[in-house]
Amino acid sequence: MTSPRADDSASPSFRTRITERFGIRHPILAGGLMWLSDARYVAAHVDAGTMAFLTPRSFDGLAAYRAALRDCKALTRGLPFGVNLTQSRRADANRLVPAWLDIALEEGVRHFETVGASPGPLFERIHAGGGLAIHKCAFVEHALKAEQAGADAVALVGAEAGGHPGTNELSAFTLGALALERLRVPLAIGGGIGDGRQIAAALALGADAVLMGTRFLTCEEVWAHDGYKRYLAAQPAQSSTLALRSTGHPWRVLDNATVRETRRLEADGAHRYEDFGALATGKLGRDHGYRHGDWDTGLLSMGPAIGFANAIEPVTATVERLMAQASGAARRLQSLSAPPPPANANATTT
């Protein structure tokens with residue numbers, strides 16, 4: 001059942017399987033932004049009628065994570081929000097995942113964005129706690145396996161997605177069309193989406209929602225340095241690039257001095273994350289780009305949807321603009337499918 005919101009009449013909405021299951025007004029999922037997806041940001045999305053996911057890996061310890069959940073619960077006044085549970089390729093980095101899930105369930109969270117291989121056991125734990133899981137992946141085959149393992153919904157991300165899109169080279173809309181031939185659970189698609197007309201196109205394709213991250217990087221509720229956000233607001237879509245291709249696990253980021261240095265190292269033979277030292281750690285970007293506005297230091301996750309993020313404004317304002325654009329595009333599509341006029345409509349009466 002969709003939860004009531006104070007702003008339910010503020011902007012047009014679309015009803016899909018994802019809006020119904022996750023209790024949101026708009027078919028927009030704001031994926032868990034590493035380091036940036038905190039209580040204030042997530043709550044802003046809830047207020048705007050969308051769904052966002054708090055990221056446990058962003059916090060120093062379980063106590064800080066629990067405190068963030070409680071802050072978010074207070075800010076959202078009991079309305080649902082989500083938690084991102086990412087399982088790393090490194091097994092030793094996943095030791096806290098069960099605790100993150102248990103704490104979230106204890107604090108009343110029931111919506112989860114999952115990432116990583118072999119998610120079946122995680123789905124079982126989520127379902128046992130009365131929760132829903134939307135699994136994010138980059139290949140149709142992985143989406144089908146997630147469906148078979150019990151995912152309640154799937155988010156497919158194309159090569160345009162900021163962060164770690166995997167080795168998939170297909171676009172979000174190509175993936176979506178292919179998946180809809182075979183997938184039965186609700187589907188969200190993401191990657192390069194930053195305009196409401198793209199949202200309408202995704203819904204027309206058959207998707208139930210879109211997954212967006214980069215488009216919200218310049219929003220007021222993102223805690224990153226204002227200088228960094230102003231810089232992003234002036235960037236074209238082409239400022240997004242792939243780094244660390246040689247590792248087999250590319251990273252879509254802002255094109256900057258750090259990217260150029262990693263490419264120099266790759267030319268000299270670097271091909272493992274360890275070969276790049278501190279350059280390949282997310283904390284470098286957090287400490288320099290996000291905290292101090294130094295956009296040239298660190299690998300800073302960002303997709304081409306940055307070309308649409310040309311203003312620093314509240315999340316609510318961005319969502320309202322996106323949904324107005326989507327509504328306009330939907331009306332245009334509807335007008336194109338109108339029945340033809342009668343054959344004698346232009347006949348002259350004699």
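Where a number appears in this text, it was derived from the coordinates with a stated rule and is not lab data. These numbers were taken from a predicted model, which means no experiment stands behind them. With ideal geometry, Cβ positions are generated from the backbone for all residues, glycine too; neighbour counts draw on all protein chains shown.
Based on other C-beta atoms within 10 Å, arrange Glu147, Glu169 from fewest to most. Present the calculation step by step, with values, prior to reporting the outcome.
Values: Glu147 19, Glu169 10.
Going from least to most buried by this count: Glu169, Glu147.
Quick one, could you list the DSSP H helices from the chain stretching 27 Å or more along their long axis (Cα atoms) with average Kyte-Doolittle hydropathy of -1.0 or above? Intermediate values should be presented prior to the final figure.
Numbers: long enough: 315-336 (32 Å, 0.15).
Span-like helices here: 315-336.
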Cα centre as origin, Lys/Arg/Asp/Glu Cβ charges: the chain dipole, Debye: 400 debye
Distance in nm between pseudo-label sites at Arg182 and His292 (7 Å out along the Cβ direction from Cα): 4.8 nm
Antiparallel %, DSSP beta bridges [both residues in the chain], to 5: 20 percent
Top positive-direction residue, dipole computed over the chain with Cβ charges, set Phe276, His45, Val154: Val154
Highest-MSF residue in the chain out of Val97, Val83, Val210 [GNM, Cα springs under 10 Å]: Val97
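Quote the FRET efficiency, to the nearest 0.05, computed for Leu336 versus Gln238 with a Förster distance R0 of 22 Å and r equal to the Cβ-Cβ distance.
Values: r = 31 Å, r/R0 = 1.41.
Efficiency, from the Cβ-Cβ distance: 0.10.
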Long-range HN-HN contacts of Leu85 with modeled amide H, under 5 Å: Glu113, Thr114, Val115
Whole-Hz ³J(HN,Hα) from phi, Karplus 6.51 cos²θ - 1.76 cosθ + 1.60, for segment 79-91, glycine and proline x: 6, x, 9, x, 10, 8, 10, 9, 9, 6, 5, 8, 4
Unit charges on C-beta of K, R, D, E only; dipole of segment 204-336, Debye: 340 debye
Gain upon complete extension [Arg90, Arg17; 0.36 nm per residue less C-alpha separation]: 22.9 nm
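What number, in percent, do you get for the relative contact order of segment 226-292 if the mean sequence gap of Cα pairs under 8 Å and at least 6 apart is divided by its residue count? Mind showing how you got there, number by number?
Values: 47 pairs, mean separation 17.9, N = 67.
With pairs under 8 Å counted, the relative contact order is 27 percent.
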